[in-house]
1. Multiply the residue gap between Ser38 and Asn68 by 0.36 nm, knock off their C-alpha separation, and tell me the result in nm, one decimal place.
2. Counting only the backbone N, which residues of the range 25-45 are under 14 Å from the spot 7 Å out from the Cα of Ser130 toward its beta-carbon?
3. Across every pair of different alpha-carbon atoms, what Kirkwood hydrodynamic radius in Å does the range 43-138 reach?
Amino acid sequence: MKHAALKSLAFAACALGFSALPAAAGVIVYKFDQDGCSGSGCGLTNYGTVTLTDISGGVNVKVSLLNNSGLIDTGAMSFHTLTFNLAGSPATITNLPNLWSYTGPANWTPNGNWGTFNYILDCNTACSSSTPWTTGLDFNVAGTGITTTSFIDSGTAKDTYFLADISNPNGGTPLTGRIGASYSGTGTQVPEPFTMSLFGAGLAGMATLRRRRKLQAAVA
């Protein structure tokens with residue numbers, strides 16, 4: 001009876017682990033590689049990344065810019081600090097830095113054939129063209145069913161997932177304008193810790209069963 005109970009528990013844990021694997025914690029990286037600055041551009045081929053990570057109740061978003069580039073708010077309605085699109089239920093944005101704000105769901109179409117965006121973040125007085133936000137940005141997007149796959153592109157051939165307004169020092173002559181982030185081709189599906197613990201428990205139980213059977217066979 002004890003062996004039968006252990007066997008049932010082991011297979012149940014494995015089954016639960018396998019069934020939960022599709023509900024994995026996703027990590028997807030987008031690269032700011034689309035230069036929309038006026039003239040010849042802001043001078044770089046890679047301005048940084050946006051990293052999305054599934055968390056409980058939503059997604060964590062980390063924006064990291066390179067080469068002293070910084071997020072800005074020009075104060076013009078045709079420019080916003082950071083914009084993106086979400087599919088599905090309306091979301092709430094939390095953990096924004098002091099003085100930052102967001103609008104959404106909305107329907108904003110910037111000039112420059114970037115498409116349409118439904119979530120808008122502005123740094124307001126926290127940054128400007130002369131004092132850009134260079135420390136990166138880390139916030140959460142919460143909502144029913146919101147995951148890393150809820151982020152969609154803006155609906156143009158550019159496949160822009162995030163659009164930012166930046167300032168780049170460019171060797172002492174600051175340049176400002178828009179940059180877009182496309183899918184970088186990197187993304188993983190990392191099983192959640194609880195899922196892995198269930199799967200591990202099942203494997204451990206099955207290993208124990210095998211050892212007991214070997215011992216019984218040796219004694220017999």
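1. 8.9 nm
2. Once the point is set 7 Å along Cα→Cβ of Ser130, nothing inside the range 25-45 turns out to lie under 14 Å by backbone N.
3. Mean inverse Cα-Cα distance, inverted, gives 14.4 Å.
Bear in mind these aren't lab numbers, they're just calculated from the coordinates by the rules spelled out. Since the model is a prediction, treat every value here as computed from it, not as a measurement. Neighbour counts run over all protein chains shown; Cβ positions are idealised from the backbone, glycine included.
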